[in-house]
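Report on the structure given below.
Please treat every number below as a calculation from the coordinates, not as lab data. Just so you know, these numbers come straight off a predicted model, no measurement behind them. Note that each Cβ is placed from the backbone with ideal geometry, even for glycine, and that neighbours are counted across all protein chains shown.
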Amino acid sequence: MRRGSADSSRPALTGPGGSGGALVASALLCWACAGTSPPEGTAPDVTPPPEGTAPDVTPPRARTAPEVVAERPITETITSEPTVRVGVEVGVSSVAIMSTAGLRVLDGESGEVLEASGEEILRFEASEGKLLVESGGRIGDGRPRLVVEPLDPAIPIVLSGKRYHGAAELLVDPARGIVVINRIGLEEYLRGVVPAEIGRRPPEEFDAVKAQAVAARTYAISSLGSRDSLGFDVFATVEDQAYGGVDLERAEIDRAVRETEGEILTYDGAVVLALYHSTCGGRTATRYEVWAEPDLPYLRSVRDRAAGGDDFCAISPRYTWRESWTPDEMNGLVRAELAGRLGVPPTSIGRILEIRVLSRTEEDRVDELEIAATGGRYVIRKNDIRFVLRSSEGRILGSTDFRVLHGRVDANGVLVEGRGYGHGIGMCQWGAIGRARAGQDYRQILAAYYTGARLEKLY
């Protein structure tokens, strides 16, 4: 995620000498939450989505959880729809931007129009900290920041092969290269986020889609300005919220966004940290349980059970799961992940011999996992466990709610069995779907997962 909410100085993982280098906590939202899958094929946390939204992917790297940025009532700071700056590409050497409407290039600092030739494709490259435009000749002597707009605002632009509403902003980061940003109104942004996060749902699940729209809008509001050092607000990936642009837009999703326009969640007048995930497995988690971060009053551990006795998210394909590793797999990717996070060569760890649970949280999630090897004993804590216990395909562990059925690294293989998918904090997406099927409206769904939060119309 972002904003350094996971204190990288804390000893999340220790080795024979004590603190062996902290593991960065992964605070992925949603399906994206774990390189897993959303309800029936939505996006990140990711498995197959409904009608194919996002593919089964593993997040590119661990992310930390965002912090609440509003220090005063959010209604005092934002009274109309804001523009969101979405980081589409970070660190490319060149980029092509297209629009069938033709393009206009402006200086990103002064707003001066540099070119409005109507060309449908422009190519940009970075040189000595400045952006150069190839368009039958270079524009000026290069600028550090450019804005590229379609001549007709109703026609999308194409960035990295995907269509987006709004404009493109380009800047040069000396350490990374060109940063490609989509500047777009928040409501248009949500039209490409909500389907990537919860997929296409049938009419009886529409209130789950509306709940997702409010959660995603709230998350985006809390993210404004959070990545100023990179020049944008949110990544277009599971690093923040999955965003697919124009090609994911659907009429029923647009309706959910429209019917909740401007609505966000607040607590004591400040925007909440609207975390969400794929499947809680019957009970949501607190921030401390997962990331050892201070708990927030509206992100409590909530029992997610229907009156009939079944968990609302029992309909999830990730409600329960098993993972197993052969000795070669344990001493391949798992050992490599452990070594990488310790900052030592795998040979110094030796052969992994056994894994076992040392302690559990109050709500029965694994708090500490010990990995015994010929080179010593190593303790991994909380959500970091999921990033060390990767499958042979690189997929992170479903959740920290698991049991070790066989921990010895022998011919029988290591076997664990778990419940839920994702970090488990905030709204359970499959639980929201189950609640919608049971007749709950989106207000009831949000109230169930964000304890004491208020639904407020911001604009």
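Remarks
- Residues within the reach of a label modelled at residue 134 (point 7 angstrom out along Cα to beta-carbon, backbone nitrogen below 12 Å), restricted to region 82-115, are 94-97.
- A Förster distance of 56 Å, applied to the separation of the beta-carbon atoms of residue 119 and residue 456, puts the FRET efficiency at 0.80.
- Rg/Rg_globular for region 320-419, with Rg_globular taken as 2.2 N^0.38 Å and Rg from C-alpha atoms: 0.97
- Cα convex hull of region 270-363 - mean projected area over all directions, nm²: 9.3 nm²
- The packing ranking, built from the mean of other Cβ atoms within 10 Å per residue, places the peptides 285-295, 270-280, 123-133 in the order 270-280, 285-295, 123-133, highest first.
- Contact order normalised by residue count of region 320-419, Cα under 8 Å, 6+ apart, percent: 34 percent
- Its Kirkwood hydrodynamic radius, worked out from the mean inverse distance over all distinct Cα pairs, puts region 202-336 at 18.0 Å.
- Relative packing of peptides 355-366, 385-396 - highest average C-beta neighbours within 10 Å first: 385-396, 355-366
- Taking region 444-459 and a reference point 7 angstrom along Cα→Cβ of residue 80, the backbone N atoms nearer than 17 Å belong to 458-459.
- Farthest toward the positive end of the dipole of region 180-232, out of 225, 180, 196, is the Cα of 180, where the dipole comes from beta carbon charges about the Cα centre.
- Judged by the mean number of other Cβ atoms found within 10 Å, the most tightly packed of the peptides 215-222, 192-199, 414-421 leads the ranking 192-199, 215-222, 414-421.
- Cα centroid of region 200-215 to Cα centroid of region 297-332, whole Å: 21 Å
- Per-pair calculated FRET efficiency, R0 = 25 Å: residue 303 and residue 441 via Cβ, rounded to 0.05: 0.80
- Total charge dipole magnitude, region 320-419, about the Cα centre, Cβ charges on Lys, Arg, Asp, Glu only, Debye to nearest 20: 140 debye
- Length released on extending from residue 246 to residue 152, taking residue separation times 0.36 nm less the Cα-Cα span: 32.3 nm
- Between 330, 343, 355, the Cα set farthest toward the positive side of the dipole of region 320-419 (charges on each charged residue's Cβ, about the Cα centre) is that of 343.
- Residues of region 311-344 with amide N under 14 Å of the 7 Å Cα→Cβ point at residue 410: 327
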